[in-house]
Amino acid sequence: MKDKEEFSWIEIACPCCGSIGNYEVLFHDKNRRELIPIETNCVKCKNCTMVYLTPIPEPDSFNKYYKEIYLKFMREGEEVEKETSKSIIYKALEWFLGFQLRIFLLIKGSWIKKEFVKKEKLKFLDIGCSNAMKIKWLADLKYCIHGIDVNPSGIEEAIKNIPDGDFRIGLLHEGNFEDSFFDIVHMDNVFEHIHDPANLLSEINRILRKDGKLILIIPSLSTIQRLWGKYYTVQWIPFHVALYTRKTIRLLLESNNFRIRKIYNQSIAWWAILSYRQWSYRNSNKYIDCKKTSTTLIAEIFLNPFFFLLEILGNADYLVVIADKKTPEYQ
Ligand SMILES: [Zn+2]
């Protein structure tokens, strides 16, 4: 475990409007999930209301550690799943949970069905693709899959999972993709880790074709769960550098040559259970496990209808943002 003094720290500008030092501190807090000895401020920009962390460990000094934590996190998740899925009660509850969620999907309609209907050879890039399991089904829709990730072992698995795909190691600007190449650029649970999103958006703009589509799936502060404050699941120091609301993601994309076409809400009951756990462990130095048990599955099944109703009323624990590359006729 690295000591926090080993990192170099940087003050960052507001990820949304670029203001420097123009913020109020919402809270000072520590890493609660992995017990990394790191503390920082969660602040709110006085100019645009963007919520972000500053200072943060300078990315180059932190990147190696970042990969280690992520791998550990993924492996542990897989282990836990193997272990818990043995119990019959757990299996039955999980089946019921899946059934319940399918009913909700039938009622509200799936954003995925609405956005990914075309069965043609669309050129699709996933930034931060990891092992590409989340996008494997798009390869079956005949999409041409491209992925990029800083983590070499993730890319190694991605190549096995989608043998026809093109996978590259590195940050987006190290991928050397052609101008106006992609039909769709997709980032799932990645954008909130970026401290300089304007820079990334300008590179995405370069590689998207005219009228190309950007899909961002980001944890959101446009939610009642914001009341948990620093115990809210998505407050993840130092990994979630920038947490968006509907207003701030719109502002950021529109000032970086994108036009928002649609924002879908997703409301996650499970996060309330994790937030409660973070709150109940607030005075202890215990590791907060994110595993599901039979008890938490029952709690989730009871909470789901309430969160489904909240989602219909506009509550968004996740925002799914669909944006088009702005072309001259829009400007
Ligand atoms: Zn700002």
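The values are calculated or read from the model by the stated rules, or taken from the named source; none is laboratory data. Since we're looking at a predicted model, the values are computed, not measured. Don't worry about glycine lacking a Cβ; one is built from the backbone with ideal geometry, like all the others, and counts go over all protein chains shown.
Confirm whether Glu157 is of a type in the set (D, E, K, R), over 28 Å from Asp317 (Cα atoms) and touching a residue at least 24 places away in the same chain (Cβ under 8 Å). When the stated conditions are applied, Glu157 passes them. What's the number of the only condition in (1) over 19 Å from the mean Cα position of the chain (by Cα); (2) at pLDDT below 95 that Pro305 fails to meet? Among (1) over 19 Å from the mean Cα position of the chain (by Cα); (2) at pLDDT below 95, the lone unmet condition for Pro305 is (2). Does the range 62-70 include one or more residues that are modelled with pLDDT of 90 or more, outside any loop (DSSP other than H, G, I, E, B) and either more than 16 Å from the ligand (Cβ to nearest atom) or surrounded by fewer than 18 Cβ atoms within 10 Å (Cβ to Cβ) (or both)? Scanning the range 62-70, I find no residue that is modelled with pLDDT of 90 or more, outside any loop (DSSP other than H, G, I, E, B) and either more than 16 Å from the ligand (Cβ to nearest atom) or surrounded by fewer than 18 Cβ atoms within 10 Å (Cβ to Cβ) (or both), so the answer is no.
Which count do you get for residues in the range 186-226 that are assigned to a strand (DSSP E or B), of a type outside the set (D, E, K, R) and farther than 20 Å from Pro238 by Cα? Give the derivation first.
Within the range 186-226, the first condition is being assigned to a strand (DSSP E or B), and the residues that meet it are 186-188, 208-220.
Keeping just the survivors that are of a type outside the set (D, E, K, R) gives 186-187, 208, 212, 214-220.
Now drop any that are not farther than 20 Å from Pro238 by Cα, which leaves 186, 208, 212, 214-216.
Residues that pass the stated criteria total 6.
Across the range 142-185, the number of residues qualifying as part of a loop (DSSP other than H, G, I, E, B), under 21 Å from the mean Cα position of the chain (by Cα) and farther than 24 Å from Asp324 by Cα comes to 3. Examine the range 287-295 for a residue that is touching a residue at least 12 places away in the same chain (Cβ under 8 Å) and closer than 22 Å to Val43 by Cβ, and state whether such a residue exists. No. The set of residues in the range 152-176 being of a type outside the set (A, V, I, L, M), out of contact with any strand residue (DSSP E or B) (no Cβ under 7 Å at 6 or more places or on another chain) and either more than 17 Å from Met133 (Cβ to Cβ) or buried (at least 21 other Cβ atoms within 10 Å of the Cβ) (or both) consists of Gly154, His173, Glu174, Asn176.
Return a yes/no flag: does the range 125-141 have any residue that is of a type outside the set (A, V, I, L, M, F, W, C), part of a loop (DSSP other than H, G, I, E, B) and either touching a Phe, Trp or Tyr at 6+ places or on another chain (Cβ under 6 Å) or more than 27 Å from Asp324 (Cβ to Cβ) (or both).
First, pick out the residues of the range 125-141 that are of a type outside the set (A, V, I, L, M, F, W, C): 126, 128, 130-131, 134, 136, 140.
Then keep just the ones that are part of a loop (DSSP other than H, G, I, E, B); that gives 128, 130-131.
With either touching a Phe, Trp or Tyr at 6+ places or on another chain (Cβ under 6 Å) or more than 27 Å from Asp324 (Cβ to Cβ) (or both) added as a condition, the list becomes 131.
Yes, the range 125-141 contains at least one residue that is of a type outside the set (A, V, I, L, M, F, W, C), part of a loop (DSSP other than H, G, I, E, B) and either touching a Phe, Trp or Tyr at 6+ places or on another chain (Cβ under 6 Å) or more than 27 Å from Asp324 (Cβ to Cβ) (or both).
Counting the residues of the range 242-291 that are surrounded by 15 or more Cβ atoms within 10 Å (Cβ to Cβ) and either aromatic (Phe, Trp, Tyr) or part of a helix (DSSP H, G or I) (or both) gives 21.
Per-residue answers, yes or no, for (1) modelled with pLDDT under 90; (2) more than 19 Å from His193 (Cα to Cα):
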{"residue": "Lys230", "(1), (2)": "no, no"}
{"residue": "Val234", "(1), (2)": "no, no"}
{"residue": "Arg259", "(1), (2)": "no, yes"}
{"residue": "Ser267", "(1), (2)": "no, yes"}
{"residue": "Ser275", "(1), (2)": "no, yes"}
{"residue": "Asn283", "(1), (2)": "yes, yes"}
{"residue": "Lys292", "(1), (2)": "yes, yes"}
{"residue": "Tyr318", "(1), (2)": "no, no"}
{"residue": "Asp324", "(1), (2)": "no, yes"}
